[in-house]
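The values are calculated or read from the model by the stated rules, or taken from the named source; none is laboratory data. Values in this document were obtained by computation on a predicted structure and should not be read as measured data. Virtual Cβ from ideal backbone geometry, glycine too; neighbours counted across all protein chains shown. Areas reflect the complete protein model, heavy atoms only, side chains present, ligands, DNA and RNA absent. Shrake-Rupley method; radii C 1.70, N 1.55, O 1.52, S 1.80 Å.
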Amino acid sequence: MDPTAAAPAPRSSAPAAAPLTAVVTGASSGIGRATAARLVADGWRVLAVARREDRLAELAAETGCEVLGVDVTSDESVDRLVARAEDLFSGSLNAVVHVAGGALGVEPAAEADLGKWQRMYDINVLGAVRVTRALLPALRASGRGDLLFVTSVAGQEAYPGGSGYNAAKAGEHMLAAALRLELNGEPIRVIEIAPGMVATEEFSLVRLGDQEAADAVYDGVENPLTAEDCADVIAYALGAPHHVNLDLVTVRPLAQAAAHRVARHRGI
């Protein structure tokens, strides 16, 4: 043996840090799906949930995440979510990412379809409350918890034809703001990401019910946000040092200055 050779470095006896854990709602498509995939790529253990189990099965096959069919408007369904999260994560959870939501219709308030308004409120607001209430004990148990709400610029800016969605997303925005006050002093961050124009395969189609009308929303906007753009922001917010809280991040494409102000056919 060469006496001048450096001695091998001692092996560390410290165990590897356990991966962070997250539940992502609305994970069957769009921002929710992209977020689940991004967090898995970043080393998180993810339980991705949504109503469409066939879509979730595809996501699980592609990313290795855990999945569960969940309807956030159902107490029984959310109870099953709590039980599955308990089994997977031993009663401790680092993040809940609320993406489940959506818009229905563009009728003016004077012609409001109250069924659509009720559905939007049930998913965007009551669904977020139901899941938060159910999983908050596991977030507390982790000692490092995050509640992240994906809302919308529609919760900040009214626009014609948007009153129902404006109201629902404003409600979710205020839910996040109140929770931040109520949880002050606990190691749980409350984060809100409010996207502007995002081109996903379903959002405008579900809202408008017609592919041609959905495509017209993005006409002349060469670079709307993508679901992956939003997932990048979400991953950054969750990955920041835990003493850093991004209370509210509004993210838009360069072409959009406000919900109703969009530069079209300008090459941006």
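Against the definition (closer than 19 Å to residue 177 by Cβ and either open to solvent by 10 Å² or more (accessible area, probe 1.4 Å) or in contact with a Phe, Trp or Tyr (Cβ under 7 Å, 6 or more places away or on another chain) (or both)), how does residue 136 come out, yes or no?
Working: closer than 19 Å to residue 177 by Cβ: yes; either open to solvent by 10 Å² or more (accessible area, probe 1.4 Å) or in contact with a Phe, Trp or Tyr (Cβ under 7 Å, 6 or more places away or on another chain) (or both): yes.
It is true that residue 136 is closer than 19 Å to residue 177 by Cβ and either open to solvent by 10 Å² or more (accessible area, probe 1.4 Å) or in contact with a Phe, Trp or Tyr (Cβ under 7 Å, 6 or more places away or on another chain) (or both).
Does any residue of segment 248-257 turn out to be in contact with a Leu (Cβ under 8 Å, 6 or more places away or on another chain), open to solvent by 60 Å² or more (accessible area, probe 1.4 Å) and either of a type in the set (Phe, Trp, Tyr) or assigned to a loop (DSSP other than H, G, I, E, B) (or both)? Don't jump to the end; show me each part of the working.
Of segment 248-257, the ones in contact with a Leu (Cβ under 8 Å, 6 or more places away or on another chain) are 251-253.
Retained after the next criterion (residues that are open to solvent by 60 Å² or more (accessible area, probe 1.4 Å)): 252.
Pick out the ones that are also either of a type in the set (Phe, Trp, Tyr) or assigned to a loop (DSSP other than H, G, I, E, B) (or both) and you get 252.
Yes, that holds for at least one residue.
Of the residues that make up segment 55-66, is at least one modelled with pLDDT of 95 or more, open to solvent by 50 Å² or more (accessible area, probe 1.4 Å) and within 30 Å of residue 167 (Cβ to Cβ)?
If we filter segment 55-66 for residues that are modelled with pLDDT of 95 or more, which is where we start, we get 55-66.
Then keep just the ones that are open to solvent by 50 Å² or more (accessible area, probe 1.4 Å); that gives 55, 57-58, 61-62, 64, 66.
Checking which are within 30 Å of residue 167 (Cβ to Cβ) leaves us with 55.
Scanning segment 55-66 turns up at least one residue that is modelled with pLDDT of 95 or more, open to solvent by 50 Å² or more (accessible area, probe 1.4 Å) and within 30 Å of residue 167 (Cβ to Cβ).
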Hey, does segment 82-96 have a residue that's out of contact with any Gly (no Cβ under 7 Å at 6 or more places or on another chain), among the β-branched types (Val, Ile, Thr), open to solvent by 20 Å² or more (accessible area, probe 1.4 Å) and modelled with pLDDT of 95 or more? yes
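Let's see how each residue does on (1) aliphatic (A, V, I, L, M); (2) assigned to a helix (DSSP H, G or I); (3) modelled with pLDDT of 95 or more:
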{"position": "161", "(1), (2), (3)": "no, no, no"}
{"position": "164", "(1), (2), (3)": "no, yes, yes"}
{"position": "168", "(1), (2), (3)": "yes, yes, yes"}
{"position": "173", "(1), (2), (3)": "no, yes, yes"}
{"position": "184", "(1), (2), (3)": "no, no, yes"}
{"position": "192", "(1), (2), (3)": "no, no, yes"}
{"position": "206", "(1), (2), (3)": "yes, yes, no"}
{"position": "221", "(1), (2), (3)": "yes, no, no"}
{"position": "228", "(1), (2), (3)": "no, yes, yes"}
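Filter segment 69-118 for residues that are outside any loop (DSSP other than H, G, I, E, B) and under 16 Å from the mean Cα position of the chain (by Cα) and give the result. Please lay out each step first, then the result.
From segment 69-118, those outside any loop (DSSP other than H, G, I, E, B) are 69, 75-89, 95-98, 109-111, 114-118; that's our starting set.
Passing the criteria: 95, 96, 97, 98.
Yes/no matrix, rows are residues, columns are (1) open to solvent by 20 Å² or more (accessible area, probe 1.4 Å); (2) of a type outside the set (Ser, Thr, Tyr); (3) within 14 Å of the chain's Cα centre (by Cα):
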residue	(1), (2), (3)
169	no, yes, yes
188	no, yes, no
192	no, yes, yes
220	no, yes, no
229	yes, yes, yes
232	yes, yes, yes
259	yes, yes, no
Selection within segment 30-49 - open to solvent by less than 10 Å² (accessible area, probe 1.4 Å) and not hydroxyl-bearing (Ser, Thr, Tyr): 32, 36, 39, 46, 47, 48, 49
Checking 119, 133 in turn, the sole residue that is in contact with a Gly (Cβ under 9 Å, 6 or more places away or on another chain) and without any contact (Cβ under 8 Å) to a residue 24 or more places away in the chain turns out to be 119
